[in-house]
Each structure stands twice: as C-alpha cells, then as structure tokens.
1. With labels modelled as points extended 7 Å from the Cα through the Cβ direction, what inter-label distance (nm, one decimal) is found for Phe91 paired with Ile130?
2. Go through 46-54, 108-116, 154-162, 74-82 and give me the packing order, highest mean Cβ count within 10 Å leading.
3. Report the Rg/Rh value for the range 20-105, based on alpha-carbon coordinates and the Kirkwood definition of Rh.
4. Answer with one residue from Asn12, Val40, Asn122: the one whose Cα lies farthest towards the positive end of the charge dipole of the range 12-141, charges on Cβ with Lys, Arg +1 and Asp, Glu -1.
5. In terms of the Cα gyration tensor, with a ≥ b ≥ c the square roots of its eigenvalues, is the range 80-130 rounded because a/c is under 1.5, prolate because a/b exceeds b/c, or oblate?
6. Cross-link list Lys26/Lys128; Lys51/Lys127; Lys51/Lys128: which exceed 32 angstrom alpha carbon to alpha carbon?
Amino acid sequence: MRISENHAYQKNIFITAISKINFYIKRLNSIVFLFILAAVVIQILLRFTAKYTGIILPWTEDFSRYGLVVMTFIGSSIATLTDENIKISSFRKRIKPSISRWLSVIENLLLLFISIILSYGNFITAKKMIKSPAGALFDFIRIGHIYYIIFLSMLILGLYSIFNLYTLFRGNFSSKS
C-alpha cells in the first residue's frame, strides 16, 4: 500500500511540475508575441511617418524576425505537450487505438531524438556566436542569445516528449490493446 501511495505522489509531483513549466512557457510566449506585435506596429507607423518626421528605427525589422523565430520554437514545444503539432489526424482516426498509441510512441521518440540533436547544435552555435557582432540587435542582444533561447526551447520540447511518453506508458497502454 505504501509503495502505491508513494508512486502516486511521485506521478502527481511530475505532472504538477510539467503544468507549472507549461504555464510559464505560455506566459513567456505571450509576452514575446506582444513585443513582436508592438515592434511591427512601430515599424509600420515609422515607415509611413519617416518622410515627415525623419525618425527611422532600423532595429524593428530584426526584432520582429528574431522574435518570430523564438516564438516558433517555443510554440513547437507547447504544441508537443498539448498534442497539437502538425500531423495527419484523419489517418489516426481510422486505425485501431492500440496501433495509434504505438504511433504516438514512435512520434514522441522521434521528437525526443530531434530535440536532442537540435539542442546540441544550438548550444554549440550559441557558444560560437555569443560574442559575434553579426546580426546583433542593439549592442547587447547577440545572435548567440537567440540560439540559447532556441536551445532552451528544444530542451523543453525533449522534456515534453518524455512527459508524453510517460503518460502513454503510465496508464493502461497495453490493457485495452
């Protein structure tokens, strides 16, 4: 009896931790989106009014581009957890549930593998590019910082893939097969 209570407690802590991480990642994604939206609006307004005011901000286009890249990778992590990533769901509806679960296992293993490879590549690139002035936004945001954010989002993608695998095997994965 004690072992099952301890196991249930561990599962609950794991699920709670993933939920809190997901909450903060969604908030971060929303904040990044608002900054991108503000940069785009400022960029559009300044392009129309630049001939009258002479005010030009060259960084807004770079900010929008980098923000979009960051949002894409953070959004892919969120889509992995909520199972909303791009896939052909009509095929899954026509096959047996047991085969569909095994396809989900394969899908999450592939996502985990891809996230490990991309995490490693982004970490190496971020270390190389952290001091490079190429593609710098302002004087303090370097392209290496963007690679570090992508590195973190790929780690989160891997964590969410592990969580999905955990939930697939946790329940009655093979009992209804």
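1. Here the answer is 4.1 nm between the modelled labels.
2. So the order, starting with the most tightly packed, is 154-162, 74-82, 108-116, 46-54.
3. Dividing the radius of gyration by the Kirkwood radius yields 1.25.
4. Working it through, the farthest residue towards the positive pole turns out to be Asn12.
5. prolate
6. Going by Cα-Cα distance, Lys51/Lys127; Lys51/Lys128 fall outside the 32 Å limit.
Every number here is computed from the coordinates shown, using simple stated rules; none is lab data. Just so it is clear, the structure is predicted and the values come from calculations on it, not from any experiment. Glycine also receives a Cβ, built like all others from the backbone with ideal geometry; neighbour counts cover every protein chain displayed.
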